[in-house]
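Everything on this sheet refers to the single structure shown next.
Derivation of every value follows stated rules applied to the coordinates shown; laboratory data play no part. Only a predicted model underlies this, so the values are computations on that prediction, with no experimental measurement involved.
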Amino acid sequence: MVEPSDSADTADRRRPRSVYGVGSEPDPRWSMANERTALAWVRTGLALIAGGVALTSVAALSDLPTVLDAVAVVSCLFGGLTAVNGLASWHRAERALRLREPLPAPTALRWLVGFLMIVAIGLAWYAITQAPA
Amino acid sequence: VTSADRPADRLPDEAPDRHPDDRPDEPPGAAGERTALAWQRTALLAMVGCFLLGYRALILREPWLAIGSAALGVALAVGSVIALPLRHNASDAGRSEWPLLMIAAGSVIALGVLGAAAGISSLTR
């Protein structure tokens, strides 16, 4: 059981307490690096959503099959999940920093890479098979 | 054995059990500026996403999607102007990233749901 740190006194009202109520204050540089990593996940989610919106727009403008709209829907929803993961990974990493524990492995990275690979291969296959002879 | 393990190469005030880079009293340098820029990039990208989605919603003639995108974009713009300059002062040791991170992630989730709704609207036409 980890006791609250000396710095987490009565004046420290930061939330969530599951993070700021444990361990000791880390070097601010590591905290800010963790924050930037979370923001990078959020931006990745935004890029997936923007890609989905662009895909459905191009599909509508060029009268392409509706399967591209389905890919766009999945891309937008996956973008939202990526942002949630950014939040969760910040929580885990900040807690580990405060407890002086090893940082957790970025497990969501393999899901993101897997998703991008599937979409890339699918769109490449679609482009090759639908190309005019 | 690395050079940092040799007592002669160690700084005088450095404890033997402390990581060489772990110096809490050292000023954070440009880290605060980099973090502020990361926030601004994220807010800017989110607003561009709102614009793209709003434009798409207008083409689809889906007024609720367009209103939702515009409202989210305006909220992000106003929130960025008000909240971001107040943050990332290097001397502010008691700050918490959680509330703004929650808002950023929530905005992206909302944008993702609106984008998915636009895709479904295209699918059903």
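General remarks:
- Compared with the alpha-carbon gap, the fully stretched path from A:Glu101 to A:Thr129 is longer by 5.0 nm at 0.36 nm per residue.
- P(r) histogram, all alpha-carbon pairs of segment B:26-77 included - 10 Å bins from 0, percent: 26, 35, 19, 13, 6, 1
- Over the C-alpha atoms of chain A, the Rg to Rh ratio, Rh being the Kirkwood estimate, stands at 1.19.
- In the elastic network of chain A, a GNM with C-alpha springs shorter than 10 Å, the most mobile of A:Ala60, A:Ala50, A:Ala83 is A:Ala60.
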